[in-house]
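Note sheet for the following structure.
The values are calculated or read from the model by the stated rules, or taken from the named source; none is laboratory data. What you are looking at is a predicted structure, and each value in this text was computed from that prediction instead of being measured. Cβ placement follows ideal geometry from the backbone for every residue including glycine, while neighbour counts extend to all protein chains displayed. Areas reflect the complete protein model, heavy atoms only, side chains present, ligands, DNA and RNA absent. Shrake-Rupley method; radii C 1.70, N 1.55, O 1.52, S 1.80 Å.
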Amino acid sequence: MGNSQNKNVPKRRTENVYNVTPPTPFMTEEEFFKTWYIWKNDFLLFKRTLIGTNSDKQQWGNMLLNLMGPIGQNIHSTFTFNLQSEKENIDILIQKFDEYYIFSERKKLPLENVYEYINDLELMIKEKNITNGEELIRKKILTEINKHQFTNAANNVIPTFVFSSDFNKLTLKEIAFIWKLYTDSDNCTRCDGIHSPEKCPSLGKQCSKCNEWNHFSKRCPTNYINNCYYCGGNHIYRKCPAFNEICTKCQKKNHFKWKCQSIQIPQCRFCGLSHAANRSLCSAKNNICSNCKLMGHIPSRCNKRFHANRLQNLS
Ligand SMILES: [Zn+2]
Ligand SMILES: [Zn+2]
Ligand SMILES: [Zn+2]
Ligand SMILES: [Zn+2]
Ligand SMILES: [Zn+2]
Ligand SMILES: [Zn+2]
């Protein structure tokens, strides 16, 4: 809705109009962590009751910070914002406080393994019994990755990848895979560590796996897969990140979508869309055609109508 902000509109008084009382300030940060969801619901109820009199997102953001008191304001001072105008936007603030409540100040450390980090976030979600966890983790990751670097890395496996439209179609494992592509790309192929050239600690050492020299067993060619058939990455044998993952293209297990071998139908004769050659993936599978009353196709793909049209055209 085009709700252009007009700065000249006088601010309306919102206090003392209704009986709903706003929540009281937090006394400690511990209290914030114990009661944030209840507190937030009280606040949103209060806001809903008064929203008819004031819908200004900045003013509501200010109201939130005032009601939270110094504890909330201290937490607020640790947030980073892309735009100055987001600093007091109520919708953004609620999202940031949710994120803080769930993940505290957890961020991926520079050398931390991406998979382990995301795993940790998933555990945090589980501990707090939150239902839309995957969405929250996705939002959290969005605040930490570099969109430009991520897009460049993604283009290695998905040449057509466009951040704005494709990021949300990735599974968390696929996100981790791509994120890792540009954060861990310099690991040494002999020792898996990071060091300056000629300083590899494996030089002069014998591998315990194959008895060859100058590499560690964790990077032993007998134990290490390059350009994996299932994920497209390089990793230790049996440590494929795509293991147990469901491909978003064909719904089969154990590979990422960019390694999908299933045949794509460009234009399905039942639904008219493009999807993997698997009848169970057809969006018209359970559709009852309004034209012929049979199940399994959409009316524009109905044979009966086709004949009817032909007859019409002939007459
Ligand atoms: Zn090395
Ligand atoms: Zn070896
Ligand atoms: Zn793999
Ligand atoms: Zn697939
Ligand atoms: Zn179809
Ligand atoms: Zn039909």
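Observations on the model:
- Neighbours by Cβ (under 8 Å, 6+ apart or cross-chain): first from the range 12-36, hydroxyl-bearing (Ser, Thr, Tyr); second in a loop (DSSP other than H, G, I, E, B) and at pLDDT 90 or above: THR35/PHE26
- Scanning the range 59-85 for residues that are open to solvent by 40 Å² or more (accessible area, probe 1.4 Å) and under 21 Å from LYS140 (Cβ atoms) gives ASN74, SER77, THR78, THR80, PHE81, ASN82, LEU83.
- Note on the range 242-267: residues that are more than 13 Å from CYS228 (Cα to Cα) and not charged (D, E, K, R) total 13.
- One residue stands out in the range 218-246 among those that are basic (Lys, Arg) and more than 16 Å from ligand 1 (Cβ to nearest atom): the one that is nearest to GLY193 (Cα to Cα), namely LYS239.
- Taking the range 94-113 as the range and being assigned to a loop (DSSP other than H, G, I, E, B) and charged (D, E, K, R) as the test, the residues that pass are GLU105, ARG106, LYS107, LYS108, GLU112.
- Here GLU99 passes the criteria (1) open to solvent by 30 Å² or more (accessible area, probe 1.4 Å); (2) not assigned by TED's automatic domain parsing to the domain that holds PHE79 except the one numbered (2).
- Residue match in the range 241-250 (condition: within 12 Å of ligand 3 (Cβ to nearest atom) and open to solvent by 60 Å² or more (accessible area, probe 1.4 Å)): yes
- Subset of the range 219-237 [more than 16 Å from ligand 3 (Cβ to nearest atom) and surrounded by fewer than 16 Cβ atoms within 10 Å (Cβ to Cβ)]: THR222
- Residue count for the range 40-58, restricted to those that are within 15 Å of THR24 (Cβ to Cβ) and surrounded by 15 or more Cβ atoms within 10 Å (Cβ to Cβ): 4
- ILE175 in contact (Cβ under 8 Å) with a residue 40 or more places away in the chain, open to solvent by less than 30 Å² (accessible area, probe 1.4 Å), under 19 Å from TRP258 (Cβ atoms) and touching a Leu at 6+ places or on another chain (Cβ under 8 Å): no
- Sole exception among (1) under 27 Å from GLN58 (Cα atoms); (2) over 15 Å from the mean Cα position of the chain (by Cα); (3) open to solvent by 30 Å² or more (accessible area, probe 1.4 Å) for LEU93, by number: (3)
- LYS218 being free of Cβ contacts under 8 Å to residues at least 12 places away in the same chain and among the basic types (Lys, Arg): no
- Taking the criterion of being β-branched (Val, Ile, Thr) and not in a helix (DSSP H, G or I), the residues of the range 39-68 that qualify are ILE51, THR53.
- Selection count, the range 131-169, where residues are farther than 24 Å from TYR101 by Cα and either surrounded by fewer than 19 Cβ atoms within 10 Å (Cβ to Cβ) or in contact (Cβ under 8 Å) with a residue 12 or more places away in the chain (or both): 21
- When the range 199-215 is filtered for residues that are open to solvent by 70 Å² or more (accessible area, probe 1.4 Å) and not charged (D, E, K, R), the ones remaining, listed by number, are LEU203, GLN206, SER208, ASN211, TRP213.
- Selection count where residues are more than 26 Å from the chain's Cα centre (by Cα), more than 16 Å from ligand 6 (Cβ to nearest atom) and among the basic types (Lys, Arg), scope the range 253-281: 1
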